[in-house]
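Values quoted throughout were computed directly from the atomic coordinates according to the rules given, and no laboratory measurement underlies them. Everything numeric here is computed off the predicted structure, so don't read it as measured data. Glycine gets a Cβ as well: all are built from the backbone with ideal geometry, and neighbour counts include every protein chain shown.
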Amino acid sequence: MKLLLTSAGVNNKSIHDALVDMLDKPIAECNALCIPTAMYGHPWVGPGVRTWEFISGNSENPMVDLGWKSVGVLELTALPSIDKERWVPLVQETDVLLVSGGDALYLSHWMNQSGMADLLPSLNAVYVGMSAGSMAMAPKIGEFFVGWTPPSGNDDALGLVYFSIFPHLEHEMLPHNTMTAAEKWAGELQGPAYAIDDMTAIKVVDGEVEVISEGQWKLFSI
């Protein structure tokens, strides 16, 4: 798998260069699918205007508007109601998945319900996550980030990476996302965890982890 797990999108040269390096051809030759599902589970970002902004490439977070050859929409909540033959080949042929922020547990739930979670490890596509789109790859998101409650009642995510992610570290609009809060959050988890700010991303290729940063981050090891 190739994962680029960001806090706020591809918003600086270092993260952009990392993405280009992960692709096997220029951005202008790559077909993308954007996945807005996480937004519907979060009261701040969806549904409505902000979902449209993400899909149309008019949001503040550069992902959809990077100059892709084409951009389609893959809505996970719709997939259980249609035949897999209609969407699995589309996903298998795409070059990059652009996964929005929102609610990480809502996204994890629909990744599982749709069958997308089972498909992800076999894909050649680069997975680019933003905030919740990145957090959903972790084993757990931590109680600090629980909003929408899944049927399981716990904070388990997909477990496609071995670490958890605390995004938007020290963000001026999120006064609770401090390093002190991140340390407490990490202490409640049973595994390694990264706190990353909006200028930071975590690159994962074939299990190799590399932090790409022009900002602040910290690894909490247990």
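Within the shell defined by Cβ-Cβ distances under 15 Å, the residues around G115 carry a net charge of -2, with Lys and Arg each +1 and Asp and Glu each -1.
Summed over all non-identical Cα pairs, the Kirkwood treatment of the chain gives a radius of 17.2 Å. Distance check, please: which entries in K13/K203; K140/K184; K2/K25; K25/K69; K84/K203; K13/K69 exceed 18 angstrom between their Cα atoms? Going by Cα-Cα distance, K84/K203; K13/K69 fall outside the 18 Å limit.
Projected over all directions and averaged, the alpha-carbon convex hull of the stretch 97-221 occupies 7.4 nm².
Can you grab the distance from the C-alpha centre of the stretch 130-190 to the C-alpha centre of the stretch 52-122, Å, no decimals? One Cα centre to the other: 21 Å.
When a/c is below 1.5 the answer is rounded, else prolate if a/b is larger than b/c, else oblate, so apply that to the stretch 1-117 with a ≥ b ≥ c taken from the square roots of the Cα gyration tensor eigenvalues. Since a/c reaches 1.5 but b/c is at least a/b, the shape of the stretch 1-117 is classed as oblate. Neighbours of H168, meaning other residues whose beta-carbon lies under 12 angstrom from its beta-carbon, give a summed charge of -4 when Lys and Arg score +1 and Asp and Glu score -1.
The amide H of S131, built 1.01 Å from its N in the peptide plane, has T6, S7, A8, G9 as neighbours under 5 Å, considering only residues 5 or more places off or on other chains. What the Cα atoms of the stretch 173-222 give is an Rg and a Dmax of 11.7, 35 Å.
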